[in-house]
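One structure below.
The values are calculated or read from the model by the stated rules, or taken from the named source; none is laboratory data. This one's a predicted model, so the numbers in the text were calculated from it and none came from an experiment. Neighbour counts run over all protein chains shown; Cβ positions are idealised from the backbone, glycine included.
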Amino acid sequence: MAPAPRQAARRVAAVSRALAVMDALAAGGELGTNELARRTGVNASTVSRLLATLAAGGYVDQSASGRYRLGIRLVQLGNAVVDRLDLRELARPELEALVGAVGETATLSVAGGYEAVTVDFVRSPSSVQGVAQLGRPSVAHATATGKVLLAYAGVGMPPGTLRRYTSRTIADPRALAREIERVRARGWADAVGEREDDLAGIAAPVRGSRRELAAILGVQGPTARLDVKGRAAALEPLLRAAAALSARLGYVEPAPS
């Protein structure tokens, strides 16, 4: 017997109104009943009943002033969702899109002390390419991915003497500190011939729901192709991919002050 056709989904009006109230609180911070009614288009008496129900479940809190704000229960639910997310699964479409847009190898890395460790990558279709390896650490002071780690992971500067891999490696701690400040100021990093003479790369941070550094997306390839023009062309797709992955991990861009 053929399965019965599924009925069209029907919305529950009360749930839709409750969601509208929570969306308004998310956008407006602490709000009173009348202000919520105005913003949602729901009458004040209904808003009052919705708030009482949501408060009983911990989804909203009432402050001493009588105004309402989102409750801690939403944080708990959000954390439960984030804990189940598979970073590599979420990032894979962005890595593939990056390679399609840029034509160079795209990498996904996570923090590991003073090094960023590659956990996934998609190779460039070119016969000459930047070779990525799973589990390979990116040297903090000599790679774009490593510089993003130093700028956003809160680990401080690498201890001890900075090894010079090529003539372009930043081996002076003071120069490295200035470079990391530059990375923070512009929101991405680059490295040209600093780890290997013929390798260049750019990288950007991926932020999590708590605004922490959740991962690092990078693009790497031969310096002949990732020259000034090549890196400039790759930057927009990289930042777009990092923003998309951050959003999937629950990151919300802070409102301008």
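Go through the stretch 155-177 and give me each residue that's among the β-branched types (Val, Ile, Thr) and without any contact (Cβ under 8 Å) to a residue 12 or more places away in the chain.
Just the residues of the stretch 155-177 that are among the β-branched types (Val, Ile, Thr), to begin with: 155, 161, 166, 169-170.
161, the sole residue that qualifies.
Residue by residue, here is whether (1) among the aromatic types (Phe, Trp, Tyr); (2) buried (at least 17 other Cβ atoms within 10 Å of the Cβ); (3) within 24 Å of the chain's Cα centre (by Cα) holds:
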position	(1), (2), (3)
181	no, no, yes
199	no, yes, no
202	no, yes, yes
216	no, yes, yes
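Residue check: is residue 194 of a type in the set (Asp, Glu), farther than 16 Å from residue 124 by Cβ and buried (at least 22 other Cβ atoms within 10 Å of the Cβ)? Give the steps one after another, and end with the answer.
Working: of a type in the set (Asp, Glu): yes; farther than 16 Å from residue 124 by Cβ: yes; buried (at least 22 other Cβ atoms within 10 Å of the Cβ): yes.
Judged against the criteria, residue 194 is a match.
Got at least one residue in the stretch 185-206 being part of a helix (DSSP H, G or I) and either of a type outside the set (D, E, K, R) or not assigned by TED's automatic domain parsing to the domain that holds residue 107 (or both)?
Scanning the stretch 185-206 turns up at least one residue that is part of a helix (DSSP H, G or I) and either of a type outside the set (D, E, K, R) or not assigned by TED's automatic domain parsing to the domain that holds residue 107 (or both).
Check 162, 176, 134 and return the single one that is assigned by TED's automatic domain parsing to the domain that holds residue 217, under 18 Å from residue 216 (Cα atoms) and not small (Gly, Ala, Ser). Steps first, please.
Values: 162 fails: under 18 Å from residue 216 (Cα atoms); 176 fails: under 18 Å from residue 216 (Cα atoms).
Exactly one of 162, 176, 134 is assigned by TED's automatic domain parsing to the domain that holds residue 217, under 18 Å from residue 216 (Cα atoms) and not small (Gly, Ala, Ser), namely 134.
Kindly indicate which of 93, 125, 137 is free of Cβ contacts under 8 Å to residues at least 12 places away in the same chain and surrounded by fewer than 19 Cβ atoms within 10 Å (Cβ to Cβ). Walk me through how you get there before you give the answer.
Details: 125 fails: free of Cβ contacts under 8 Å to residues at least 12 places away in the same chain; 137 fails: free of Cβ contacts under 8 Å to residues at least 12 places away in the same chain.
After ruling out the rest, the residue left standing is 93.
Can you work out which of the residues in the stretch 218-232 that are of a type in the set (A, V, I, L, M) and within 20 Å of residue 121 (Cα to Cα) is surrounded by the fewest Cβ atoms within 10 Å (Cβ to Cβ)?
Quick first cut of the stretch 218-232, residues of a type in the set (A, V, I, L, M) only: 219, 224, 226, 228, 232.
Narrowing the set further to residues that are within 20 Å of residue 121 (Cα to Cα) leaves 219, 226.
Working: 219: 32, 226: 26.
Residue satisfying both the conditions and the ranking: 226.
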